[in-house]
Each structure stands twice: as C-alpha cells, then as structure tokens.
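What follows is one structure encoded as structure tokens, with my remarks underneath.
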Amino acid sequence: MSDAEFDYDAAFSRNIGWVTEAEQQRLRGSRVAIAGMGGVGGIHLLALARLGIGRFSISDFDTFDIVNFNRQVGATVSSLGRSKSEVLSELLLDINPTASVRRFDEGVSAQNVEAFLEGADLYVDGLDFFAFEARRTTFATCRRLGIPAITAAPLGIGVAFLYFDPQGMSFDDYFGLEACDEQEMAVRFLLGLSPRMLQRGYLADPSRVDLAAHKGPSTIAACQLCAGVIAAEALKLLLGRGTLAAAPHGYQFDAYRSCMVKTWRPGGHRNPLQRIALAIARRQLAAMGGR
C-alpha cells in the first residue's frame, strides 16, 4: 500500500472517543524521540504508532540476538543480526506508512543528542539499564531544551514510572549518579526507579542477577505493561490532558503482586529513607559478591 492509498483517519478511527478528532490530528503532528529499540524502546514505538503519533526519532546501535527473543518485540528469526533501529522503523511504517521516522543507527551520544532531539515534543527513555552516561546526557539535554522526558522500567512482572518536567527536579538531582562507579550507579538507578522494590519478593533465582556482568532476568509481561503506561502518559503530555506528577513523585505497578504504589522521595537520592535503602542494598551486594 502506498502512502497515497493509506487512510490515516480510518486506520486510527477506533481511537476516537478516547480522544477527539482534533486531538488525533495533534497526535499525528507530534514528534516523539525514543532512545533504544530493545526490550521497552521497540514496544514503546509500536504502541505510540498505534496511538496515531506520526513523527519519530529513534536510535540504537545494536543488532538483534537470540537472547532477545523472550522480551523484544522486534526479535524474530528473520531479524537475527539485523539493526534494531532498521527493523523497528520497518515495523512502524507497516503500521503507518505515512509516518516520518529519523533513524540514528549509531545510538545516542553527546555528539548527536541535539540532532536526535530536534523538534521533539516528548522524549521516551528506552535505553539499556546500564547505559548510564547516554541516559544522563539525554535527560540533561531534554531539560536544557525544555522537552518533557519519561521512563517506564520493566521490573519483575511490573513497571516503575518516572516523569521529569524540564522545570522540575532534574534526573541527576533525583538519582545522584555523578562521580559514582558503575556498580553504585546501578544500585542508585534501581532504587530510584523502584523505592519500594515490589518485585524483590518473588525473584526465584537471585544468582541470575549479576550487575557486574550487566545481566538480569526479564519478562515480556513487564515490557508490555511499560508500553501501556508510556502510551497513556505520552497521550496526557502531548495533549495537555490529565494530571502527571513529576519526580520526585513516581509510581510502581506490579501485576504479579496485584499491587500499585505511589512513591515520593523529596530530595531524591539524598532523602533519608533512600539513603538507608542504598546502604542496605550495598551491604547485600557485598554479601552476594557484587551480584
């Protein structure tokens, strides 16, 4: 089907009712930047495409591997060894051939982050958990350019969500990753995303968590939940609807435990409760030999 033959209004007509026709056209004209096309980034892209958003900037330097099959929406036998950003852009255009997509196959970095975010109405974080410097760079640039930024982390069989308003608390102030070694950054990032750690109680095999080796268990259920949350919060931000509390507020929903909690850590990593949790986590890591 050519662009001329594709009927955008018909394709996304079932959105109308939850959004107005005018709002659907606003979504069509919006640009969302998504860094990372793996476990959550790829499924975020497709969820937002089905919402009718018409412009995207995407980045990923990686290729699909068989270990991605359990959770990554673009991972199939036919995509093995192929560029993640290339595969996902094809899937996007299969949903909406009139969509505009700018690809950054080298990933996002200090050298290209401004070009990546150019014209973006919203940034969605889909970077690998351990991509700390790229994440800090991207969130800091969003703040400087006045772009709202959201992240939904797949934890256990649930999702932890944070929103960073350009006028509110910064990513660095909340997580405090500056001048930390990688293991400390991992601990601070995990506990910042999930102060209540709802997922911890049902981890079946703790030996599979190895921060030093950049390895940990994952589930498609969590990635799917993340995509739903991102789509809902993106809609509110892009259309100026509903309420959305920015960091240091956040929330975590755990489907396995049928539990939803709202979190609030004023001061971020400096909060007394957060400092106690970090100290406990460091001791536990040391006892596990760094895992």
Which of the lysines could a cross-linker bridge to K215, judged by Cα under 20 Å and excluding same-chain residues fewer than eight apart?
K84
Checking T98, T76, T263 against a Gaussian network model of the chain (alpha-carbon springs below 10 Å), the top fluctuating residue turns out to be T76
Considering only DSSP beta bridges with both partners in region 1-106, what is the antiparallel share in %, to the nearest 5?
10
Ascending count of other beta-carbon atoms within 10 Å, so fewest first, for K84, K215:
K215, K84
Using r as the Cβ-Cβ distance of C259 and E182, and R0 as 30 Å, what FRET efficiency do you calculate, to the nearest 0.05?
0.50
Taking a cut-off of 20 Å between Cα atoms, list the aspartates and glutamates near K236, but don't count ones fewer than 8 places away on the same chain.
E21, E23, D121, D125, D165
How large is ³J(HN,Hα) for each residue in region 168-175, as worked out from phi by the Karplus curve 6.51 cos²θ - 1.76 cosθ + 1.60 (θ = phi - 60°), to whole Hz, x for Gly and Pro?
x, 5, 7, 4, 5, 5, 6, 8
Backbone HN-Hα couplings from phi across region 201-209 [Karplus 6.51/-1.76/1.60, Hz, Gly and Pro as x]
x, 10, 5, 6, 9, x, 5, 7, 8
Expressed as an acute angle from 0 to 90° and rounded to the nearest 10, what is the orientation of the C-alpha long axis of helix 84-95 relative to the principal long axis of the chain?
40
For F69 and L93 in one chain, what is 0.36 nm times their gap in residues minus the Cα-Cα distance, to one decimal in nm?
6.5 nm
Determine ³J(HN,Hα), in whole Hz, for all residues of region 238-245 in sequence, where each value follows from phi through the Karplus function 6.51 cos²θ - 1.76 cosθ + 1.60 and θ = phi - 60°; x replaces Gly and Pro.
6, 9, x, 10, x, 10, 8, 7
Using only the alpha carbon atoms of the chain, find the Kirkwood hydrodynamic radius as the inverse mean reciprocal pair distance, in angstroms to one decimal.
19.5
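In debye to the nearest 20, how big a dipole does region 55-177 give about its Cα centre with +1 on each Lys and Arg Cβ and -1 on each Asp and Glu Cβ?
In total the dipole reaches around 140 debye.
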Quick one: among A221, A213, A49, which has the greatest mean-square fluctuation in a GNM of the chain with alpha-carbon springs under 10 angstrom?
A213
Region 216-291: relative contact order from alpha carbon pairs under 8 Å, six or more residues apart, as a whole percent, is 15
Leading residue at positive end of dipole, region 1-90 (Cβ point charges), from S30, Y8, S89
S30
So what is the 222 nm mean residue ellipticity for the chain from helices alone, if each DSSP H run of at least 4 adds -39500 (n - 2.57) and you divide by all residues, rounding to the nearest 500 deg cm²/dmol?
-11000 deg cm²/dmol
Log entry: pair-distance distribution for region 94-188, C-alpha pairs binned every 5 Å from zero, whole % per bin is 2, 11, 22, 23, 20, 13, 6, 2, 1
Global form of region 3-72, assessed from the alpha-carbon gyration tensor, a/c cut-off 1.5:
prolate
Calculate the dipole size of the chain relative to its Cα centre from +1 charges on Lys and Arg beta carbons and -1 charges on Asp and Glu beta carbons; express the result in debye to the nearest 20.
1200
Pull up all non-local amide H partners of T263: gap of 5 or more, or a different chain, and H-to-H distance under 5 Å with H placed in the peptide plane.
G250, Y251, Q252
Just tell me the longest site-free run in the chain, where the sites are GluC sites (Glu not before Pro) in a DSSP loop having at most 14 other beta-carbon atoms within 10 Å.
179-291
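Only the coordinates and a few stated rules stand behind these numbers; no lab work does. Note that the structure is predicted; figures quoted are calculated from it, not measured. Ideal geometry is used to build each Cβ from the backbone, glycine not excepted, and the neighbour counts take in all protein chains shown.
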